[in-house]
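The values are calculated or read from the model by the stated rules, or taken from the named source; none is laboratory data. Just so you know, these numbers come straight off a predicted model, no measurement behind them. Please note: Cβ atoms are built from the backbone with ideal geometry, for glycine as well, and neighbour counts cover all protein chains shown. Just the protein is used for accessible areas: all its heavy atoms, side chains included, with ligands, DNA and RNA removed. Shrake-Rupley method; radii C 1.70, N 1.55, O 1.52, S 1.80 Å.
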Amino acid sequence: MKTYTREFPIRIHDVDAAGIVFFATYLVLWHDVYEAFLADIGHSIPDAIAKGEYIIPIKRCEAEYHRPMRHGEIITAQLRLTELRGSSFVVVTDFIGADLVNRATITTRHVCVGSRPMKPVPVPEDLRTALEPYLGQ
């Protein structure tokens, strides 16, 4: 199993008055990582939207906060898949600090749906092939 990694700094606009990342901002940071992942495996979100064949909305999202992330920290996101089914997949992303301590875990379930009529469709074969190396526990 491969793990997709992406490093990013915590910037001043990511934190609240207490100097830590506001809980909802974790999802914004996560989505930046997820969007980069899709682009890096050849399935960018803008391209998928432009083609108009399918979209992959999030059906479920869960965040578990372990430790605060603070302004100036460099965080490494580690993304993997724990499930790949007919029309859905589950992404788990850990945010790891420079001290190797996990700051948070974001888990999302995505469902592939046709652009019209917005009903589940199988994950396209080329996307499935691109996702499979990241599938594991």
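Here are some notes:
- The residues of the stretch 88-118 that are open to solvent by less than 10 Å² (accessible area, probe 1.4 Å) and at pLDDT 95 or above, listed by number, are Phe89, Val91, Thr93, Phe95, Gly97, Ala104, Ile106, Thr108, His110, Cys112.
- Checked against the criterion of being assigned to a strand (DSSP E or B) and within 30 Å of Gly19 (Cβ to Cβ), the stretch 117-128 contains not a single residue that satisfies it.
- For Leu100: the one exception among (1) farther than 22 Å from Cys61 by Cβ; (2) assigned to a strand (DSSP E or B): (2)
- Leu79 falls short of the stated requirement of being hydrophobic (A, V, I, L, M, F, W, C), closer than 30 Å to Val121 by Cα and without any contact (Cβ under 8 Å) to a residue 12 or more places away in the chain.
- Beta carbons closer than 6 Å, at least 6 apart along the sequence or on distinct chains, pair a first residue in the stretch 36-57 that is part of a loop (DSSP other than H, G, I, E, B) with a second that is of a type in the set (Ser, Thr, Tyr) for Gly52/Ser115.
- Counting only residues that are among the hydrophobic types (A, V, I, L, M, F, W, C), open to solvent by 40 Å² or more (accessible area, probe 1.4 Å) and not in a strand (DSSP E or B), the stretch 68-87 holds 0 of them.
- If the condition is being in contact with a Lys or Arg (Cβ under 9 Å, 6 or more places away or on another chain) and either closer than 12 Å to Thr107 by Cα or of a type in the set (A, V, I, L, M) (or both), then the stretch 63-77 contributes Tyr65, Met69, Ile75, Ala77.
- Odd one out for Cys61 among (1) outside any strand (DSSP E or B); (2) more than 18 Å from Arg6 (Cβ to Cβ): (1)
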